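Beneath this line is the structure, given in structure tokens, with notes to follow.
The values are calculated or read from the model by the stated rules, or taken from the named source; none is laboratory data. Bear in mind that the values here come from a model prediction, so they are computed numbers and not experimental data. We place every Cβ from the backbone using ideal geometry, glycine too, and count neighbours over all the protein chains shown. Areas reflect the complete protein model, heavy atoms only, side chains present, ligands, DNA and RNA absent. Shrake-Rupley method; radii C 1.70, N 1.55, O 1.52, S 1.80 Å.
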There are 2 protein chains.
Amino acid sequence: MPARPRRLTLRDIARLAGVSETAASFALNGKPGVSDETRRRILAVADEHGWVPHHAAKVLTGGKSGTVGLVIARSARDVGSESFFLRFMTGLQSVLSERRQALLLQVVDSVEAEIETYRTWQVAGRVDAVVLVDLRVDDPRPDALADLGLPALIAGGPDPRRRLPAVAIDDREPMRRIVTHLHDTGHDSIAYVCGAGEMLHIARRVDAFHTGARELGMSGHMVMSTDFSSSSAAKATRLLLSSDDRPTALVYDNEILAVAGVGEIRRLGLATPADVCVVVWEDTPIASAMEPPLTALSRDAFAFGSDVATRLIAILDGTDEATGDTMESVPELIERTSSRCERTPPTEPTEPAS
Amino acid sequence: MPARPRRLTLRDIARLAGVSETAASFALNGKPGVSDETRRRILAVADEHGWVPHHAAKVLTGGKSGTVGLVIARSARDVGSESFFLRFMTGLQSVLSERRQALLLQVVDSVEAEIETYRTWQVAGRVDAVVLVDLRVDDPRPDALADLGLPALIAGGPDPRRRLPAVAIDDREPMRRIVTHLHDTGHDSIAYVCGAGEMLHIARRVDAFHTGARELGMSGHMVMSTDFSSSSAAKATRLLLSSDDRPTALVYDNEILAVAGVGEIRRLGLATPADVCVVVWEDTPIASAMEPPLTALSRDAFAFGSDVATRLIAILDGTDEATGDTMESVPELIERTSSRCERTPPTEPTEPAS
DNA sequence: CTGTTAGCGCATTCAC
DNA sequence: GTGAATGCGCTAACAG
């Protein structure tokens, strides 16, 4: 086997095309200063030899790394829906790779380590911008990033202090719709089995849950927080359903909690939807495949990812029109059997006959 | 707000410490040639100012990018367990980040695009090595990678042509255990609802399934292939169970298929495990939370990821002892209610009394 | 042990 | 239009 040939440099291409390095550089970067004929020849040579500029060299001169960073806190394994996250990343990438932006991934243990990662990336010139996910209540990361001056975009915020732009997700409206749906189908006492309360989006959902139920005049609206584990979901379900005035509908934050909940309901000798209706905040294949199929909130994680990437690129290009936060479209509530019960709808005040 | 200060260079650190660039470089890279006292002072200065070497410059001189690449085929969304993949990546990262290796991620549409990505990465000097996942039958990627000369490690192979090293997963032994378990609990006709047959690991499982059942003298062993969708799993289940001599146990390739299968079984008026036993090839929270809880194969995806990373680093360091493939430990079969049926075990030839 | 020198691959001033 | 010269930030040959 012949020794692997040395990596081709711009100089090689220039020589092969019989021109100067400058000419080659101009041609390959689409800049003026070369005749069309020469440009074509240079491009042909480069293409023929499969030349690609050396990344480090380009970064060293140009300054931009062509890379977007994403840090995942280790505990993200337990956070919310994994499938949502993977679909989100796919959406992100679909846009980033179109724009020849790479994605640098890092898994860390703590927010402190995450911030340190940002600093290192920033100083080392490894990334041009980062995407911030899983905002927490009193999250130090937006401020830290803003102070660093590292371009950043929050996926999901918004940032309470508005120091960082965000592609925000509205958690209140979907929750309002869920609560309204339950109210309209005759429920008067409902409960919400949620994930970790320190997550900002969970906190918003909890608030919207209570507010919505109150506004509709429901007599019961309880919230039980879990650590996203099956066991804690089962326990929460048991607790909720063993009370005297047990709720007639349960809302779960993801499919793992929902599956655990439905199993526990069955174990308690109750039926879904007859005794207890169930709604899950995430439409995965699991939700529709369950028996009974679960009423679920259908969010487009892929679109969310591409929206984030699109805006991030706009920020990098300096063409970001939006000043503050952009909002994702409100997800759809897919009604399935798990919330189709036979309850009497609440008596609506009928309009007096004219 | 003061203008953001220019990024600190090694030269700055050297000046601040009152030494030459060379001295600073040696000190900061732990190389001999500097007195301990000087070294300490330089490190102190660098640390105080939070200096981090510019990545591109380091790459340009050193040659190594300190980056490992991972390409995911877009269809990986439908491939197997997403949670397995995310846990795998976390395991990968846990080792990589310890060794200050970054992970570069790319999502593509096709194997061709994937190979092109490798080539570009290679030529641009973006990665030192790549991890190859989801090997297919007649996969062109190992050969392409070997030809490129880009260090690569297969996660899950092994490579049929042995051109690339692999941290292999044994699919045969687990399948043998599942089949044996079913045989031992009295089943004589079983079926396997698997994923896409062009995946190498699926092909191996199918083969082991047939072989195992044959060796145990079972009268029925059917395989139905799906596209990993709930609907195809439900359809396969319906087909399998509507035959005259329907199987008494079903093996599903992941939790999505299993959930769909269990639902379909119920819809057909059959019960699990009384009428049909169920085993799933992946132990997720879903499996244990289901009603009934599902007998499942428990694989440690995190450990798999860290094993892959560890070996990859050994390869990069040139200290890779293993010549060919290393094998992951065989996963455990967690027996739960879904496979606890009341069948008569096959009559074992009893040892003649002495 | 220290300072000088050159060069990694490319972009971008300048004169020609 | 083209070619020579300089520098990005760092490492690694050299002599001193």
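Considering only residues that are small (Gly, Ala, Ser) and modelled with pLDDT of 85 or more, look in region A:305-354 and name the one that is surrounded by the fewest Cβ atoms within 10 Å (Cβ to Cβ). Ranking the qualifying residues of region A:305-354, first place goes to A:GLY318. With respect to the conditions (1) more than 11 Å from chain A (Cβ to nearest Cβ); (2) among the aliphatic types (A, V, I, L, M); (3) more than 11 Å from DNA strand C (Cβ to nearest atom), B:LEU10 falls short on a single one, namely (3).
Per-residue answers, yes or no, for (1) within 13 Å of DNA strand D (Cβ to nearest atom); (2) within 12 Å of another protein chain (Cβ to nearest Cβ); (3) of a type in the set (Val, Ile, Thr):
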position	(1), (2), (3)
B:GLY18	no, no, no
B:LYS31	yes, no, no
B:ARG40	no, no, no
B:ASP47	no, no, no
B:LYS64	yes, yes, no
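List pairs: first in region A:125-140 and within 12 Å of chain B (Cβ to nearest Cβ) and at positive phi, second crowded, with 22+ Cβ neighbours inside 10 Å and β-branched (Val, Ile, Thr), Cβ under 8 Å, 6+ apart or cross-chain? Taking only residues 6 or more apart or on different chains, the pairs are A:GLY125/A:VAL59. Once region A:259-286 is narrowed to residues that are outside any loop (DSSP other than H, G, I, E, B) and more than 9 Å from every other protein chain (Cβ to nearest Cβ), the residue that is surrounded by the most Cβ atoms within 10 Å (Cβ to Cβ) is A:VAL280. Of the residues that make up region A:51-69, is at least one over 26 Å from B:LEU148 (Cβ atoms) and crowded, with 18+ Cβ neighbours inside 10 Å? Yes, there is a match, as at least one residue in region A:51-69 is over 26 Å from B:LEU148 (Cβ atoms) and crowded, with 18+ Cβ neighbours inside 10 Å.
Comparison of B:ALA234, B:ALA208, B:ALA213 shows that the only residue that is within 14 Å of chain A (Cβ to nearest Cβ), assigned to a helix (DSSP H, G or I), touching a residue at least 24 places away in the same chain (Cβ under 8 Å) and open to solvent by less than 30 Å² (accessible area, probe 1.4 Å) is B:ALA234. Of everything in region A:11-41 that is within 15 Å of A:TRP51 (Cα to Cα) and aliphatic (A, V, I, L, M), the residue that is surrounded by the fewest Cβ atoms within 10 Å (Cβ to Cβ) is A:LEU16. In region A:289-301, which residues are touching a Ser or Thr at 6+ places or on another chain (Cβ under 6 Å), touching a residue at least 12 places away in the same chain (Cβ under 8 Å) and within 12 Å of chain B (Cβ to nearest Cβ)? Once the filter is applied, which keeps residues that are touching a Ser or Thr at 6+ places or on another chain (Cβ under 6 Å), touching a residue at least 12 places away in the same chain (Cβ under 8 Å) and within 12 Å of chain B (Cβ to nearest Cβ), region A:289-301 yields A:PRO292, A:PRO293, A:LEU294.
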